[in-house]
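The values are calculated or read from the model by the stated rules, or taken from the named source; none is laboratory data. No experiment lies behind these values; they were computed from the predicted model shown. Ideal geometry is used to build each Cβ from the backbone, glycine not excepted, and the neighbour counts take in all protein chains shown. Just the protein is used for accessible areas: all its heavy atoms, side chains included, with ligands, DNA and RNA removed. Shrake-Rupley method; radii C 1.70, N 1.55, O 1.52, S 1.80 Å.
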Amino acid sequence: MTAGSVTSPEPGQPTGSTVVVWQFVDGKPGHEKQSTALLQGIEALRPIEVYDIDVRFKTMFWRQIRRYLFGETPEFPSPDLLIGVGHGTHLPLLIARIVCGGRSVVLMRPSLPAGLFDLLFVPQHDRARRRANVVETRGVICPSVVEDKEPDSGLILLGGTSTHFEWSNRDIGKQVDAIAAASPDVPWQVCNSRRTPEGLAEWVPDAPNLRFRHWRSTPADFLARTLPRTQYVWVSADSASMLYESLAARARVGVIALRPKGRKPSKHAVSLEELIAHGHVASTRHGYRLADTGGQPPLPAENRRCARIVVERLLGQV
């Protein structure tokens, strides 16, 4: 359990009393990134003080709960908000909500009944049941970190097997080859992930403007440091989180097309087609040069929209 803060992404000072937030984490960087993105948006509206509760360390959590139950001095103040991502955070978050107070926020479809939580942010493709406390989001909530772009910088981000799309190392390799050939002046960094099937590297062409980075030998903070400065980003169709992070970073974004599974496209596949139709992202079905796509209309920052909902519904003001 540690105290910390989140840097505000917007100019100006937030107003109102300080909001005490307990951020429940499970050690998974992708989950923590989502809750941190929401906190980033909240801090643009209200001053916040954040305390991390790592649910992997149960002794520390229960020590804190016992102090509240027996009227002892707690390690940190009572929460106004309790925020969690990941199924392992849901039960500890609810226990803390009952014992210590505050309002509960979960950033996914929960494993427990939705009515137990005050507010839920659920990606559209998760198909959550419509309820008053459920807010659908366009993809996962991502940090809105934007920096000056390095000219002609490029990333190719590859996922892997999923429930939504068919995956073929050979097909991916061909499309990566076409991307590199279409933009020979762009040095592309090709990044795989934990979901990428073995053997993909054998299909990545040996082109002078391609560098393959295996996730096992790449620093954990590589993407967080590199993505905000990158001008062009291609993302395989299965990687929803990487797609929305790239859009939040205001890169020019393209989707490496994959064949949808099943007779009826999934909601994720449908939402992806909507992004393509509205010009927010390009597709390899239409070409391999992002430099030719012109100015893609930016998506509104989802973390800021969701933060405003949290403040208005749970904290009573903006």
Provide the gained length on full extension for the span His286 to Ala224, in nm with one decimal, where the gain is 0.36 nm per separating residue minus the Cα-Cα distance.
19.4 nm
With every protein chain left in place, what is the accessible area per residue of the stretch 215-276 in square angstrom, probe 1.4 Å?
44 Å²
Hey, if you drop one equal point scatterer on each alpha-carbon of the stretch 21-175 and run the Debye formula without solvent, what base-10 log of I(q)/I(0) do you get at q = 0.09 Å⁻¹?
-0.38
Hey, what number do you get for the chain at 222 nm if only DSSP H runs of n ≥ 4 count, each worth -39500 (n - 2.57), divided across all residues, to the nearest 500?
-8500 deg cm²/dmol
So for the stretch 128-208, using the alpha carbon gyration tensor with a ≥ b ≥ c as root eigenvalues (a/c under 1.5 gives rounded; past that, a/b versus b/c decides prolate or oblate), I'd call it oblate
Can you give the local net charge around Leu94? Use residues other than it whose beta-carbon is closer than 13 angstrom to its beta-carbon, Lys and Arg +1, Asp and Glu -1.
+1
Could you sort the peptides 95-102, 258-265 by per-residue average Cβ neighbour count (10 Å cutoff), highest mean leading?
95-102, 258-265
Within the set of other residues whose C-beta is less than 12 Å from the C-beta of Gly27, count the net charge using Lys and Arg as +1 and Asp and Glu as -1.
-2
Compute the projected area of the convex hull of the Cα atoms of the chain, averaged over all viewing directions, and report it in nm² to one decimal place.
17.3 nm²
Provide Met60, Met242 ordered by accessible surface of protein heavy atoms (probe 1.4 Å), highest first.
Met60, Met242
Rounded to the nearest 20 debye, what is the charge dipole size of the stretch 114-188 about its Cα centre when +1 sits on each Lys and Arg Cβ and -1 on each Asp and Glu Cβ?
620 debye
With Cα springs under 10 Å, the Gaussian network model of the chain assigns the largest mean-square fluctuation among Ser236, Ser78, Ser283 to Ser78
log₁₀ of I(q)/I(0) at q = 0.13, 0.17 Å⁻¹ - the stretch 176-289, Debye sum with one point per alpha carbon
-0.52, -0.92
